[in-house]
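The structure appears right after this line, and notes come after that.
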Amino acid sequence: MAGEPASVVEVTDLAVGGMTCAACVKRVEKKLAKLDGVTASVNLATGRARVHHPPEVLPEQLVAAVEQARYTATLPEPPKRGAARTVTTRIQRRSRNATG
């Protein structure tokens with residue numbers, strides 16, 4: 001697998017409001033997935049969406065997509081000084097299209 005291109009993916013957590021059922025979750029996930037290169041996992045119980053997206057897709061675009069689905073969305077507060085976790089984290093991911 002050496003030589004496989006690695007792509008940079010950002011992970012952004014959103015607070016999503018207004019969801020009341022599994023259909024709401026699906027609507028939010030589908031709306032976010034319409035953005036190029038975006039995948040999302042939405043948790044109804046916590047009202048959170050974890051979104052994997054390319055750096056070109058800004059967090060504000062993610063919020064706008066959720067709002068277009070008629071739900072509320074906000075970026076969590078930035079971490080307190082010295083906190084280990086950031087709102088948006090860059091991770092390396094190997095291309096899914098590579099062959100073994």
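The values are calculated or read from the model by the stated rules, or taken from the named source; none is laboratory data. Keep in mind it's a predicted model, so treat the numbers as computed, not measured. Please note: Cβ atoms are built from the backbone with ideal geometry, for glycine as well, and neighbour counts cover all protein chains shown.
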**OP:** Among the residues of the stretch 27-44, write down those that are surrounded by 14 or more Cβ atoms within 10 Å (Cβ to Cβ) and within 16 Å of Gln68 (Cβ to Cβ).
**Re:** Arg27, Val28, Glu29, Lys31, Leu32, Ala33, Leu35, Val38, Ala40, Val42
Subject >> Failed condition for Arg90, given (1) in a strand (DSSP E or B); (2) among the basic types (Lys, Arg); (3) surrounded by fewer than 12 Cβ atoms within 10 Å (Cβ to Cβ); (4) at pLDDT 95 or above >> reply: (4)
**OP:** Please name all residue pairs, on different chains or six or more residues apart, with Cβ atoms under 7 Å, provided the first residue is in the stretch 13-27 and is charged (D, E, K, R) and the second residue is assigned to a loop (DSSP other than H, G, I, E, B).
**Re:** Asp13/Pro76; Asp13/Val87; Arg27/Ala69
Subject >> the stretch 33-46 residues that are β-branched (Val, Ile, Thr), paired with ones that are part of a loop (DSSP other than H, G, I, E, B) (beta carbon under 9 Å, 6 or more apart) >> reply: Val38/Pro54; Val38/Val57; Val42/Met19
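So that you can scan it fast, the table gives a plain yes or no per residue for (1) under 21 Å from Val8 (Cα atoms); (2) touching a Gly at 6+ places or on another chain (Cβ under 7 Å):
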residue: Lys30; (1), (2): no, no
residue: Ala33; (1), (2): yes, no
residue: Asp36; (1), (2): yes, no
residue: Ala40; (1), (2): yes, no
residue: His53; (1), (2): yes, yes
residue: Glu56; (1), (2): yes, no
residue: Pro59; (1), (2): yes, no
residue: Gln68; (1), (2): no, no
residue: Tyr71; (1), (2): no, yes
**OP:** Scan the stretch 51-80 residue by residue and report those that are under 11 Å from Lys31 (Cα atoms), touching a residue at least 24 places away in the same chain (Cβ under 8 Å) and of a type in the set (A, V, I, L, M, F, W, C).
**Re:** Leu62, Val63, Ala65, Val66, Ala69
